[in-house]
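Notes follow the structure.
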Amino acid sequence: MSEIRPTLPAKERLILDLLVGSGPMYGLQLVEQSQGALKRGTVYVTLGRLEAKGFVESEQEALPPGAIGLPRRIYRPTSLGERMLRAWTVLVNEFAWNAVK
Amino acid sequence: MTRSTPTRGTPGTWLLKVARLVFNDAVSASIVVPTIADLQADIKAAGEDRAQLLRARIRGYAAFWKLILLAPFAAHAWTVREEGTMTLNTRSNGFPGWLVLAGILGFTSPALTPWTVTVLVGGLVFAVAIHLWYSRHPILLATRNGEGRPEINFSRVPVGGNIGGLIFMAGSMAILVSGLPMWRWFFGAAVVGGFLTAGLVYAWHTARPSHGLPENYIHLR
């Protein structure tokens, strides 16, 4: 039986940080705002994981009539994601402080 | 699930067709389609500027093919499980990984080339036939919730993060090495490379405690 652990790796934490700090964004905007920390080829994999964990939610943008192309997805943090980010930040700071001490 | 199909000639149309052959619907909708949508948005934003257009195309296509290469390694996280049921997915997420492995075997061992080509062509024909059949006869396959599907694939074998898991892995490698003596050098190099990488990752995380320690995921999935 696989066990789901409430973890928040660095990239997932960065995405949550950006979404909580700057509001809902497209994947490409996240890549641009991360200043090189997130890559276009992998950002949606990480967003997919975050969505599966329930930390973010997404919806397709509404295309205007007659628009050509695929609709993009816009991502926003869930309340669980915001709580997880706060809790994880406290946890990491606590461990870092203990390590220094 | 919404399945948007871009107009013929729109950048990314061909990529979307490739993606639908390789990925299941859930992965296509949540990961591949947004990647292609980004490519299209980038190209649209580039306007008539040729340099910008070329840059947008290169970045978009590179992102897509990187995704294809990553698929077998990240597949487990993309599987959508519903309560007690799982949609039958004939577009195995492991496909690109097996293709790469078959390519390496076929090109590095001439003796295996005819075998590799036969298996690839046969497998491809079989996969297309199965896919067409299931497209016309969609079914739901009942599986127990939360458990992996049985596959002939080492990455789907859960291994405990303890001495038992280590014995299992060592035993599996010993069987493989004895069965494929010509690949001993490869397994030896992989073990050495694995230890070096693990050491580097551990040292990196130890030097940066604020990033947290590496996660102890021994489950190979």
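The values are calculated or read from the model by the stated rules, or taken from the named source; none is laboratory data. Predicted, not measured: the structure shown is a model, and the values here were computed from it. Backbone-built Cβ (ideal geometry, glycine too); neighbour counts: all protein chains shown. Protein only, heavy atoms only, side chains kept; ligands, DNA and RNA dropped before computing areas. Shrake-Rupley method; radii C 1.70, N 1.55, O 1.52, S 1.80 Å.
So that you can scan it fast, the table gives a plain yes or no per residue for (1) assigned to a helix (DSSP H, G or I); (2) closer than 30 Å to A:Trp88 by Cβ; (3) open to solvent by 50 Å² or more (accessible area, probe 1.4 Å); (4) at pLDDT 80 or above:
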{"residue": "B:Tyr134", "(1), (2), (3), (4)": "yes, no, yes, no"}
{"residue": "B:Pro138", "(1), (2), (3), (4)": "no, no, yes, no"}
{"residue": "B:Leu141", "(1), (2), (3), (4)": "no, no, yes, no"}
{"residue": "B:Ile167", "(1), (2), (3), (4)": "yes, no, yes, no"}
{"residue": "B:Met182", "(1), (2), (3), (4)": "yes, no, yes, no"}
{"residue": "B:Ala190", "(1), (2), (3), (4)": "yes, no, yes, yes"}
{"residue": "B:Ser210", "(1), (2), (3), (4)": "yes, yes, yes, no"}
{"residue": "B:Asn216", "(1), (2), (3), (4)": "no, yes, yes, no"}
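Report whether or not A:Glu57 is open to solvent by 40 Å² or more (accessible area, probe 1.4 Å) and farther than 23 Å from B:Leu39 by Cβ.
On the way: open to solvent by 40 Å² or more (accessible area, probe 1.4 Å): yes; farther than 23 Å from B:Leu39 by Cβ: yes.
When the stated conditions are applied, A:Glu57 passes them.
When each of A:Leu28, A:Leu63, A:Leu18 is tested for being buried (at least 17 other Cβ atoms within 10 Å of the Cβ), within 12 Å of chain B (Cβ to nearest Cβ) and either touching a helix residue (DSSP H, G or I) at 6+ places or on another chain (Cβ under 9 Å) or modelled with pLDDT under 90 (or both), the lone residue that passes is A:Leu28. Listed conditions (1) of a type in the set (Lys, Arg); (2) more than 9 Å from every other protein chain (Cβ to nearest Cβ); (3) part of a helix (DSSP H, G or I) are all met by A:Arg76, apart from (3).
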